[in-house]
Amino acid sequence: MLFAAGNRDPRHYDTPEAYRVDRDPADHLAFGYGIHTCAGQGLARIEAQALLTAFVKRVQSFKVGEPKRQPSNMTRGLASLPVIEVVTK
Ligand code: HEM
C-alpha cells in the first residue's frame, strides 16, 4: 500500500500536487488507515497545530529553498526544506 500515492490520486483529489488550504483533509491517508493507523497521530496533530499557531502569529511571509526528499516506499516526506527568507510581523 502506497499511502503517498493514494493521497495524490487524481481520481479522488483535484490538483493533487497542489497545497491547498481549502481542501477537506478528512479522508487523507497520511497517518495510514485501519488497524495499524498511526498511534501517534493525536500528538502529531497537536504539535502541528502548536507550530502553525505560533508561526502565523510571528511570520508575515517566508520563502523556501530546494527540498530534499526522504526516500521511502510507503510515505512521501522531506529530509530537509531550508527556509531562505523570513519576514516577521
Ligand atoms: C506527522 C507525523 C506522523 C506521520 C505522517 C505518521 C505516519 C504514520 C503512518 C502512515 C503509519 C502507518 C504505517 C503502516 O500502516 O504500516 C504510522 C504508524 C505508527 N505511528 Fe506514526 N506518524 C507520525 C507521527 C507519529 C508520532 C508522533 C508517533 C508517536 C508518538 C507515532 C507512532 C506510530 C506508531 C506506534 C505506529 C504503528 C501503529 C501500528 O502499527 O499499529 N507516529 N504513522
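Below are the figures for this structure:
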| quantity | calculated |
| --- | --- |
| The chain - convex hull of alpha carbons, volume per residue in Å³ | 126 Å³ |
| Computed label-point distance, nm, for sites residue 47 and residue 28 using a 7 Å Cα→Cβ extension | 1.5 nm |
| Net charge dipole size for the chain [Lys, Arg +1 and Asp, Glu -1 on Cβ; Debye, nearest 20] | 280 debye |
| Calculated FRET efficiency for the pair residue 15/residue 87, C-beta based, R₀ 30 Å, to 0.05 | 0.65 |
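Quick note: the coordinates plus some simple rules give every number you see, no bench work behind them. Remember, it's a predicted structure, so these values are computed and weren't measured experimentally. Neighbour counts are summed over all protein chains in view; Cβ atoms, including those assigned to glycine, are modelled from backbone coordinates with ideal geometry.
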